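The values are calculated or read from the model by the stated rules, or taken from the named source; none is laboratory data. Values in this document were obtained by computation on a predicted structure and should not be read as measured data. A quick note on method: Cβ atoms are made from the backbone with ideal geometry, for glycine too, and the neighbour counts reach across all protein chains shown. Keep in mind that these areas ignore ligands, DNA and RNA; they rest on the heavy atoms of the full protein, side chains included. Shrake-Rupley method; radii C 1.70, N 1.55, O 1.52, S 1.80 Å.
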Amino acid sequence: TGLLKRSTDMRRMNEEIDLQFITGGSPDELQFYSKPLTVNEYIVPLDEGIGDASYYRGVFQMLESASEGDLVRIKINNGGGSLTTALHFATLIRECAAPVIAEILCECHSAASVIALACDDWAVGPWAHMLVHNAEYGIGVAKAPDIEQHVAFSKKQLTRVLKEVYNGFLTAAEITKVTKGDQLYFDNNEISKKLDKLREYRTALVPTPAALKEPE
C-alpha cells in the first residue's frame, strides 16, 4: 500500500508531553491547566529509484494529512527516476502543512533533486552530491507529425520545469546550460552554498507586513 507501510525503516514517533495540572496559590487566583500534546515525526527513506507514483500512495496520504505541529524528514540517497512522480512528490510537499526537511545523505540525482528542492529546509551530509540534467523521454513508434508534436511539447514543458524547480538554486546561466543538455554536478559544499542562496531567494519572495497593508 505504499512506501509508508512497506518500508521497515519508516518510523512514526509519537512524543507525548505530559504536563501536570497547574493551579494558582490560592482559590482567589485564576486556575489554568495544560493538555498533553502529541507530535508526529515521519521519516521517509528515499533510497531506491523513483518509480511509479502508485508506490508512494501511503507517503502522499501522510503528506496530505500531516498537521502544522508535525515534522516530516525525507532521507535522500537516490539516483533519480520518474520525473512525473518527483513532481507529484514536490506538489504535495509544497502543500504539506507540516515542515518538510530533506536530509541529503549521498546521491541526490536528477528527479531526486526535484523532491529535495521542494522541501522547506535541508541538511547536507559530508558525502552528499547532486546531479542536475534535462529529462529523458521517448515516444516509441509513431507517425512523424505525432513525434514532432510530442518533442515540441516536451521541450516546452521541461524548460518550464527546470525554471520553476531550480530557480534560486541554479543561476540563470546554469539553467540555460541544463536546458541545452549539459549535466551539472555539485559536491556537498557546493550544495550547501546553493541552498543558502535558495533560502535567501525564498525569503525575498515572502511579502513584508508593509507590502500586505492595504492602501488607505
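Details
- Charge sum, other residues only, whose C-beta stays under 14 Å from Cys106's C-beta, Lys/Arg counted +1 and Asp/Glu -1: -4
- Solvent-accessible area of Lys156 with every protein chain in place, 1.4 Å probe, in Å² to the nearest 10: 130 Å²
- Whole-Hz ³J(HN,Hα) from phi, Karplus 6.51 cos²θ - 1.76 cosθ + 1.60, for the range 195-207, glycine and proline x: 5, 4, 5, 5, 4, 4, 4, 5, 4, 5, 7, 6, x
- Residues whose placed amide H lies under 5 Å from that of Ala123, excluding near-sequence neighbours: Ala102, Glu103, Ile104
- Checking the Cα-Cα distances for Lys75/Lys177; Lys75/Lys180; Lys163/Lys197 against a 23 Å cut-off, the pairs over it are Lys75/Lys177; Lys75/Lys180.
- Modelled label positions at Asn189 and Asn167, each set 7 Å beyond Cα in the direction of Cβ, lie 3.1 nm from each other.
- Residues with amide H under 5 Å from that of Glu107, placed H, sequence gap 5 or more: Asn78, His129
- Global form of the range 154-203, assessed from the alpha-carbon gyration tensor, a/c cut-off 1.5: oblate
- Counting charges near Asn78 (Lys, Arg +1; Asp, Glu -1) among other residues having Cβ under 12 Å from its Cβ returns a value of -3.
- Per-residue Karplus couplings for the range 165-174, computed as 6.51 cos²θ - 1.76 cosθ + 1.60 with θ equal to phi - 60°, are listed in order as 6, 9, 4, x, 9, 9, 6, 4, 5, 5 Hz, Gly and Pro entered as x.
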